[in-house]
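Colleague: One structure coming up, written as structure tokens, with questions to follow.
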Amino acid sequence: MTMNILLLQARHADDAARLEERTSFANMAGVPETAVIPFDLLTAVPTLADIRRYDVLMIGGSGDYYVSKGNLPNFTAVLALLADVVAVGQPMFASCFGFQLLAQALGGEIVYAPDEMEVGTYDVRLTADGRADELFSYLPDIFRAQLGRKDKAVRLPDGVLHLAASDRAPFQALRVPNQPIWATQFHPELTKKTNLARFKRYLAGYAASTSETELEKMFQQFDDSPEANQLLGRFMRLVFG
């Protein structure tokens, strides 16, 4: 059976990551690229009925938009939509910007924290809830994951499960209990190669607030993340069999 995935994106038309992100989600979810249908949040907001026409909702990262700043067009409408998606239990997986949007939509708090940014490959630790989670339980207690963020969650919404943390970010993953809804601050759809390529593309934005020595250290921060890269495929098999 072919699964249809709606991918919400907040990327400009000339951002190469826009097309690459679709490919990355398809590859890691184990579906043909044609099964992943992008939706541009910079031009419109889908309705709940639009989303319900798909088997899965996925949300990716963002090049120029921050939940902490609320600078996404129709920001409050997007938050309200995600709360509605959770209310009806639509299967969803959100990463990075998507994690932050979902956390904010459900009552969490996201702040701008460039001094604590994570760019590269980092150790992520499972919590007790993560070790018990039906999706995350296959992961080792400490695993490598791809990251690229300046915003971070400092408070999760009430009632969600806290699944993972890192040294610089206390909240790296959440799950809505009893719903097929997960979100990660890290990027399970990215590999060392694709994350490094994205970093190089956005280098000017990091260089503005980072010394040459710090940039060199950041280049050395990229590594493989084999366990985290299994997450989307396992999500699809868990939810849909």
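Every read-out reported here was derived from the displayed coordinates using simple, explicitly stated rules and does not represent laboratory data. Predicted model only: the values in this text are computed from it and were never measured. Here Cβ is always computed from backbone atoms with ideal geometry, including for glycine, and neighbour counts include all displayed protein chains.
Colleague: With unit charges on the beta carbon (Lys/Arg positive, Asp/Glu negative), name the residue among GLY70, TYR54, MET92 whose Cα is farthest towards the positive pole of the charge dipole of segment 1-133.
Modeller: Value: TYR54.
Colleague: Which percentage, to the nearest 5, of the DSSP beta bridges contained in the chain is antiparallel? Walk me through the numbers on the way to the answer.
Modeller: Numbers: 21 of 38 bridges.
Counting DSSP beta bridges with both partners in the chain, the antiparallel share is about 55 percent.
Colleague: Relative to the present Cα-Cα distance, how much length would full extension add between ARG155 and ASP167 at 0.36 nm per residue of separation?
Modeller: Numbers: separation 12, 0.36 × 12 = 4.32 nm, distance 1.54 nm.
Full extension of this stretch gives 2.8 nm more.
Colleague: What GluC sites (Glu not before Pro) does segment 110-171 have in DSSP loop regions with at most 16 other beta carbons within 10 Å?
Modeller: Details: sites: GLU116, GLU118, GLU134; in loops: GLU134.
Loop-located and lightly packed - GLU134.
Colleague: Excluding ALA26 itself, calculate the net charge of residues whose Cβ lies under 10 Å from the Cβ of ALA26, where each Lys or Arg counts +1 and each Asp or Glu counts -1.
Modeller: Details: positive: ARG22; negative: GLU21, GLU33, GLU189.
The answer is -2.
Colleague: What distance in nm lies between label points placed 7 Å from Cα along the C-beta direction at ILE37 and ALA132?
Modeller: 3.8
Colleague: So which of LYS192/LYS217; LYS150/LYS192; LYS69/LYS193 end up more than 21 Å apart, counting from Cα to Cα?
Modeller: Violating the 21 Å limit, Cα to Cα: LYS69/LYS193.
Colleague: Moving on to the next point. If packing is taken as the average count of other Cβ atoms within 10 Å, what order do 222-233, 68-79 fall into, highest mean first? Numbers along the way, then the final one.
Modeller: Values: 222-233: 18.7, 68-79: 15.1.
Packing proxy ranking, top to bottom: 222-233, 68-79.
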